[in-house]
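S.K.: Encoded as structure tokens, here's the structure I'll be asking about.
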Amino acid sequence: MKVKVNKDLCIGCGACQAIAPDVFEIEDDGLATAKVSEVPENIKEDVIDALEGCPTSAIEEVNE
């Protein structure tokens, strides 16, 4: 599973970082970013929770 954060939709609320801190972080611009290219299997459920809980739907699963 791969995810990315759409910076045009992100409001920097930090919910994703609180749910899955190993995957998401808030950058200097105040917006979230995914800091891994591939989500480890053992935290996949946390990342799905973050994706579903994002208030602006800024987290997107990347299908390659």
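The values are calculated or read from the model by the stated rules, or taken from the named source; none is laboratory data. Here the structure is a predicted model, which means the values were calculated and not measured. Please note that ligands, DNA and RNA were not included when accessible areas were found on the heavy atoms of the full protein model with its side chains. Shrake-Rupley method; radii C 1.70, N 1.55, O 1.52, S 1.80 Å.
S.K.: Would you indicate which of (i) 51, 41, 14; (ii) 28, 23, 20; (iii) 41, 24, 14 is the value of Cα extents along the principal axes in Å derived from the coordinates of this structure?
M.R.: Checked against the structure: label (ii).
S.K.: Next question. Give the relative contact order (percent, whole number) for the chain; include only Cα pairs under 8 Å separated by 6+ residues.
M.R.: RCO, the chain: 47 percent.
S.K.: Right, something else. Which lysines, on any chain, are close to K44 with Cα under 19 Å apart, when same-chain ones fewer than 8 places away are left out?
M.R.: K2, K4, K35
S.K.: Turning to a different aspect of this structure: Which residue fluctuates most in the GNM of the chain (Cα springs below 10 Å): A18, A34, A50?
M.R.: Most flexible of the set in this elastic network: A18.
S.K.: Next up: Suppose the chain between K2 and D49 were pulled fully straight at 0.36 nm per residue; how much longer would it get relative to their current alpha carbon spacing?
M.R.: 15.5 nm
S.K.: Okay, next question. For region 33-44, what does the Karplus curve 6.51 cos²θ - 1.76 cosθ + 1.60, with θ = phi - 60°, yield as ³J(HN,Hα) per residue in whole Hz, taken in order and with x for Gly and Pro?
M.R.: Calculated HN-Hα couplings, in order: 8, 8, 9, 10, 8, 10, 6, x, 4, 6, 10, 4 Hz.
S.K.: Once phi is turned into θ = phi - 60°, what whole-Hz ³J(HN,Hα) does the Karplus curve with 6.51, -1.76 and 1.60 give for every residue of region 12-22, x standing for Gly and Pro?
M.R.: Here the 3J(HN,Hα) series is x, 6, x, 4, 4, 5, 5, 7, 9, x, 6 Hz.
S.K.: Sticking with this one: Please build a GNM for the chain, connecting alpha carbons under 10 Å apart, and tell me which residue among V39, V23, V47 fluctuates the most.
M.R.: V39
S.K.: Step through the residues of region 24-29 one at a time and calculate ³J(HN,Hα) from phi using the Karplus curve (6.51 cos²θ - 1.76 cosθ + 1.60, θ = phi - 60°), rounding each to whole Hz and writing x for Gly and Pro.
M.R.: Each residue's phi maps through the Karplus curve to give 10, 8, 9, 8, 4, 7 Hz.
S.K.: For the chain, what is the accessible area per residue in Å² when the probe is 1.4 Å? Could the numbers behind the result be given before it?
M.R.: On the way: 3930 Å² over 64 residues.
In whole numbers, the chain has 61 Å² accessible per residue.
S.K.: Another one. Hey, can you grab everything whose amide H is under 5 Å from the amide H of F24? Only 5+ residues off in sequence or another chain; H modelled, so Pro and N-termini drop out.
M.R.: Answer set, sorted by chain and number: K35.
S.K.: Moving on to the next point. Can you compute the helix-only [θ] at 222 nm over the chain? Use -39500 (n - 2.57) per DSSP H run of at least 4 residues, normalise by all residues, nearest 500 deg cm²/dmol. Before the final figure, lay out the partial values.
M.R.: Values: 2 runs with 15 residues, N = 64.
It lands at -6000 deg cm²/dmol.
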